[in-house]
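Student: A single structure is presented below for examination.
The values are calculated or read from the model by the stated rules, or taken from the named source; none is laboratory data. None of these values were measured; they are calculated from a predicted model. All Cβ positions, glycine included, derive from the backbone under ideal geometry; neighbour counts span all protein chains shown. The protein model used for the area step is the full one, side chains on, heavy atoms only, and it has no ligands, DNA or RNA in it. Shrake-Rupley method; radii C 1.70, N 1.55, O 1.52, S 1.80 Å.
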Amino acid sequence: MRWSLDAMSREFNFSIPMLRASLAKNNAVPGEDGCFSTTQICDALYGALHLEKIRTQCAMTERITLENQITRAEVLNRADLAAGFAGLADAMVSRIMTSKLDRMEKEDLLKDLAGIPVILADTARRQTRLPRSKNGQAEEE
(Lines give C-alpha, C1' and ligand atoms only; values in the text may rest on other atoms or scores of the structure.)
Protein backbone atom coordinates (compact mmCIF):
# COMPACT_ATOMS: atom_id res chain seq x y z
CA MET A 1 0.00 0.00 0.00
CA ARG A 2 1.23 3.50 -0.82
CA TRP A 3 0.51 6.60 1.25
CA SER A 4 0.30 10.29 0.46
CA LEU A 5 1.26 12.78 3.16
CA ASP A 6 -2.42 13.64 3.71
CA ALA A 7 -3.42 9.99 4.10
CA MET A 8 -0.46 9.37 6.44
CA SER A 9 -1.38 12.34 8.56
CA ARG A 10 -4.95 11.13 8.99
CA GLU A 11 -4.11 7.46 9.54
CA PHE A 12 -1.08 7.81 11.84
CA ASN A 13 -2.31 10.99 13.57
CA PHE A 14 0.87 13.01 12.95
CA SER A 15 1.15 16.45 11.46
CA ILE A 16 2.39 16.74 7.87
CA PRO A 17 5.53 18.76 8.89
CA MET A 18 6.37 16.11 11.49
CA LEU A 19 5.91 13.34 8.90
CA ARG A 20 8.11 15.20 6.39
CA ALA A 21 10.84 15.65 9.03
CA SER A 22 10.74 11.98 10.06
CA LEU A 23 10.81 10.77 6.45
CA ALA A 24 13.67 13.15 5.58
CA LYS A 25 15.63 12.07 8.65
CA ASN A 26 15.29 8.47 7.43
CA ASN A 27 16.22 9.47 3.84
CA ALA A 28 12.89 8.11 2.63
CA VAL A 29 12.23 9.00 -1.02
CA PRO A 30 8.71 8.93 -2.43
CA GLY A 31 7.99 6.75 -5.43
CA GLU A 32 7.07 8.06 -8.89
CA ASP A 33 3.51 8.47 -7.64
CA GLY A 34 4.70 10.84 -4.89
CA CYS A 35 3.62 8.35 -2.20
CA PHE A 36 5.53 6.42 0.44
CA SER A 37 5.36 2.72 1.31
CA THR A 38 4.07 1.49 4.66
CA THR A 39 7.56 0.21 5.46
CA GLN A 40 9.11 3.63 4.84
CA ILE A 41 6.53 5.25 7.11
CA CYS A 42 6.91 2.73 9.93
CA ASP A 43 10.71 2.93 9.76
CA ALA A 44 10.58 6.73 9.85
CA LEU A 45 8.07 6.93 12.70
CA TYR A 46 8.86 3.90 14.85
CA GLY A 47 12.00 2.20 13.52
CA ALA A 48 14.68 3.42 15.92
CA LEU A 49 12.43 3.15 18.96
CA HIS A 50 11.42 -0.40 18.07
CA LEU A 51 15.05 -1.49 17.60
CA GLU A 52 16.08 0.13 20.88
CA LYS A 53 13.29 -1.70 22.72
CA ILE A 54 14.51 -4.99 21.25
CA ARG A 55 18.11 -4.25 22.33
CA THR A 56 16.91 -3.37 25.83
CA GLN A 57 14.87 -6.58 26.08
CA CYS A 58 17.85 -8.66 24.92
CA ALA A 59 20.13 -7.02 27.50
CA MET A 60 17.59 -7.60 30.27
CA THR A 61 17.19 -11.25 29.24
CA GLU A 62 20.96 -11.74 29.27
CA ARG A 63 21.28 -10.11 32.70
CA ILE A 64 18.48 -12.22 34.20
CA THR A 65 19.91 -15.39 32.66
CA LEU A 66 23.31 -14.66 34.21
CA GLU A 67 21.74 -13.88 37.60
CA ASN A 68 19.84 -17.18 37.46
CA GLN A 69 23.01 -19.09 36.56
CA ILE A 70 24.80 -17.52 39.52
CA THR A 71 21.88 -18.30 41.83
CA ARG A 72 21.90 -21.96 40.71
CA ALA A 73 25.71 -22.08 41.20
CA GLU A 74 26.23 -22.81 37.50
CA VAL A 75 28.92 -20.11 37.38
CA LEU A 76 32.13 -20.68 39.32
CA ASN A 77 34.49 -18.03 40.65
CA ARG A 78 37.61 -18.57 38.59
CA ALA A 79 39.98 -16.99 41.14
CA ASP A 80 38.65 -19.15 44.00
CA LEU A 81 38.82 -22.27 41.84
CA ALA A 82 42.40 -21.47 40.79
CA ALA A 83 43.41 -20.91 44.42
CA GLY A 84 41.88 -24.27 45.42
CA PHE A 85 43.68 -26.09 42.63
CA ALA A 86 46.95 -24.32 43.53
CA GLY A 87 46.68 -25.62 47.11
CA LEU A 88 45.93 -29.11 45.84
CA ALA A 89 48.86 -28.95 43.40
CA ASP A 90 51.24 -27.81 46.18
CA ALA A 91 50.22 -30.74 48.36
CA MET A 92 50.69 -33.16 45.47
CA VAL A 93 54.09 -31.70 44.56
CA SER A 94 55.40 -32.24 48.09
CA ARG A 95 54.17 -35.86 48.04
CA ILE A 96 55.64 -36.48 44.59
CA MET A 97 59.02 -35.07 45.57
CA THR A 98 59.22 -37.31 48.69
CA SER A 99 58.01 -40.41 46.84
CA LYS A 100 60.19 -43.26 45.60
CA LEU A 101 59.37 -42.53 41.94
CA ASP A 102 62.30 -42.12 39.58
CA ARG A 103 63.26 -38.69 38.26
CA MET A 104 61.44 -39.02 34.90
CA GLU A 105 58.17 -40.11 36.54
CA LYS A 106 58.36 -37.18 38.97
CA GLU A 107 58.98 -34.75 36.10
CA ASP A 108 56.02 -36.13 34.15
CA LEU A 109 53.68 -35.75 37.12
CA LEU A 110 54.95 -32.24 37.87
CA LYS A 111 54.49 -31.26 34.21
CA ASP A 112 50.89 -32.52 34.36
CA LEU A 113 50.24 -30.49 37.50
CA ALA A 114 51.75 -27.39 35.90
CA GLY A 115 49.05 -27.61 33.22
CA ILE A 116 46.21 -26.83 35.67
CA PRO A 117 46.34 -23.02 35.10
CA VAL A 118 46.36 -23.59 31.33
CA ILE A 119 43.32 -25.88 31.60
CA LEU A 120 41.47 -23.24 33.67
CA ALA A 121 42.31 -20.49 31.19
CA ASP A 122 41.25 -22.62 28.20
CA THR A 123 37.97 -23.59 29.88
CA ALA A 124 37.20 -19.96 30.74
CA ARG A 125 38.04 -18.88 27.19
CA ARG A 126 35.72 -21.51 25.69
CA GLN A 127 32.87 -20.59 28.06
CA THR A 128 32.90 -16.86 27.51
CA ARG A 129 30.58 -15.28 24.98
CA LEU A 130 32.58 -12.07 24.95
CA PRO A 131 34.66 -11.36 21.86
CA ARG A 132 38.24 -12.46 22.23
CA SER A 133 40.83 -9.76 21.83
CA LYS A 134 44.47 -9.78 21.01
CA ASN A 135 46.48 -6.58 21.47
CA GLY A 136 43.28 -4.58 21.98
CA GLN A 137 41.65 -5.72 18.74
CA ALA A 138 38.87 -8.31 18.48
CA GLU A 139 39.93 -11.62 16.97
CA GLU A 140 37.91 -13.15 14.19
CA GLU A 141 36.65 -16.66 14.96
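Student: Just to confirm, what accessible area per residue do you get for segment 1-74 at 1.4 Å probe, in whole Å²? Kindly include the intermediate steps, with their values, before the conclusion.
Tutor: Numbers: 5600 Å² over 74 residues.
It amounts to 76 Å² per residue over segment 1-74.
Student: Still on this structure, I have one more. Report the full-extension gain for the segment S15 to L76: residue separation times 0.36 nm, less the Cα-Cα distance, to one decimal in nm.
Tutor: Length difference between fully extended and current span is 16.4 nm.
Student: Kindly report, to the nearest 10 Å², the accessible surface of E105 as traced by a 1.4 Å probe over protein heavy atoms only.
Tutor: Near enough 80 Å² of accessible area.
Student: Any number yet on Rg/Rh for the chain, C-alpha, Kirkwood?
Tutor: Checking Rg against Rh, the ratio lands at 1.41.
Student: On a 0 to 90 degree scale, rounded to 10, what angle separates helix 78-98 from the longest Cα axis of the chain?
Tutor: With both axes taken from Cα atoms, the answer is about 20 degrees.
Student: Against the longest alpha carbon principal axis of the chain, how many degrees, from 0 to 90 and to the nearest 10, is the axis of helix 48-71 turned?
Tutor: Result, in degrees: 20.
Student: Kindly provide the GluC sites (Glu not before Pro) of segment 1-71 that DSSP labels as loop, not H, G, I, E or B, and whose Cβ sees at most 12 other Cβ atoms within 10 Å.
Tutor: E32
Student: Using Cα atoms only, what is the angle between the long axis of helix 116-127 and the major principal axis of the chain, expressed in degrees (0 to 90) to the nearest 10?
Tutor: Helix 116-127 sits roughly 20 degrees off the main axis of the chain.
Student: Okay, moving on. Sorted by accessible area with a 1.4 angstrom probe, largest first, how do C35, C58, C42 fall? Walk me through the numbers before you get to the answer.
Tutor: Details: C35 25, C58 80, C42 50 Å².
Output order, biggest surface exposure first: C58, C42, C35.
Student: Still on this model: Tell me the relative contact order for the chain as a rounded percent, counting alpha carbon contacts under 8 Å between residues six or more apart. Intermediate results must be reported in sequence, preceding the final value.
Tutor: Details: 58 pairs, mean separation 19.8, N = 141.
Over the chain, the number comes to 14 percent.
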